[in-house]
Each structure stands twice: as structure tokens, then as C-alpha cells.
Amino acid sequence: MASLPTVDEIEAAILEIIQRIHVRPGETLGQPFAVEWMKKKQFRPEDLKPGIDSLVAKNILAPLRGDYTLTESDAVKELGLIPTGDEILIQVQKIIRSLGLRPNEQLGQPFVAAWMKNRRFRPEDLKAVVAHLVKQGHLTAVGGDYALTEAGFKAL
């Protein structure tokens, strides 16, 4: 007879799903989480509660209107569930390189399309990184878009 899963195993499975479906702080786990949980054949529906309760106690999840939401706690940040500024910056640099942008060329729609392909990153993640790159002189605002500067081209 198979042994019951431990709370640690259940927690690990919950966190793996949260990461895979890209839940962010303030968002509920919702239907996408439930669907993914049901795919995990090694767990029964009733196995979920002890793991959820443990993650609530650790301030990783919080109850919200009959569901659970990811908190903005340090524990969540330490788990790497939210991309860091450095990760976002690296992704921006990779996209700029992959598009072969030259100085004074606008990022434009190809950049946006490439950004949206990676579900780990969101449009709102770009705002602070773009502001940082503008401040550094690597990007410049051009009519509602941004263009790579000579300094930005050399920095990449």
C-alpha cells in the first residue's frame, strides 16, 4: 500500500504548479491551479488542504474569497516565484540581441511580441526596467516607443 504524501511533498507540488502557471502576488490560484492539481495522479483532492494550510502558515498563500492568493511576502520572493529586476533586465537584453537592433532603432512590435512569448514575464514587469535603462542612457523615448542608444548598443 502506498504511503500518504508528506506535507513537504504536497507543498512542493503546489509551488511547482504556481510557478508553472505563473501566479503572481495578489492573484488567486483559481481554475488553472485546480486543473493542474487534478492532473497530479500521485495526489488525491483531499491531499491539497494540509499543503495549503502549511503555505498559509508560512505566509506564502492567503485565503481570498473562497480561494487562495499568493502573498507579497519575503518568503514568496525567496522562492523565486516572482522574477527579479535582474532577471527582467537579462530578458530585455536577450530580446534586443535576438532582434539584432542597432543604435537609434525602435524596439517596436517585434520586441513586444518576443516579450509576450515568455509567460514568466508580464508587461508591467517592463516598466521599471525600461525606466532604469532610460536613466542609464541605454534607451531613449521616441514617440511612444523606445529606441536603443549608441551607449545601449555598446553595453549589450
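Considering Glu46, Glu27, Glu105, the condition of being surrounded by 14 or more Cβ atoms within 10 Å (Cβ to Cβ) and more than 17 Å from the chain's Cα centre (by Cα) is satisfied by Glu105 alone.
Run down Gly152, Gly137, Gly144 and say which single residue is closer than 16 Å to Gln93 by Cβ and loosely packed, with under 13 Cβ neighbours inside 10 Å.
Within the list Gly152, Gly137, Gly144, the selection yields Gly137.
Flag not set for Glu16, criterion: surrounded by fewer than 15 Cβ atoms within 10 Å (Cβ to Cβ), farther than 22 Å from Asn118 by Cβ and of a type in the set (Asp, Glu). Taken over the stretch 95-106, the criterion of being more than 12 Å from Gly152 (Cα to Cα) and in contact with a helix residue (DSSP H, G or I) (Cβ under 9 Å, 6 or more places away or on another chain) is satisfied by Ile95, Ser98, Leu99.
Among residues of the stretch 87-115 that are within 13 Å of Tyr146 (Cβ to Cβ), those with a Cβ under 9 angstrom from a residue that is of a type in the set (Lys, Arg) and surrounded by fewer than 13 Cβ atoms within 10 Å (Cβ to Cβ), sequence gap 6+ or separate chain, pair up as Pro103/Lys154. For the stretch 49-80, the candidate set comprises residues that are surrounded by 15 or more Cβ atoms within 10 Å (Cβ to Cβ) and polar (S, T, N, Q); within that set, the residue that is modelled with the lowest pLDDT is Ser73.
Can you pull out every residue in the stretch 61-79 that is among the hydrophobic types (A, V, I, L, M, F, W, C), touching a residue at least 12 places away in the same chain (Cβ under 8 Å) and farther than 11 Å from Val23 by Cβ? Scanning the stretch 61-79 gives Leu64, Ala75, Leu79.
The values are calculated or read from the model by the stated rules, or taken from the named source; none is laboratory data. Worth saying up front: this structure is predicted, and the values here are computed from it rather than measured. Here Cβ is always computed from backbone atoms with ideal geometry, including for glycine, and neighbour counts include all displayed protein chains.
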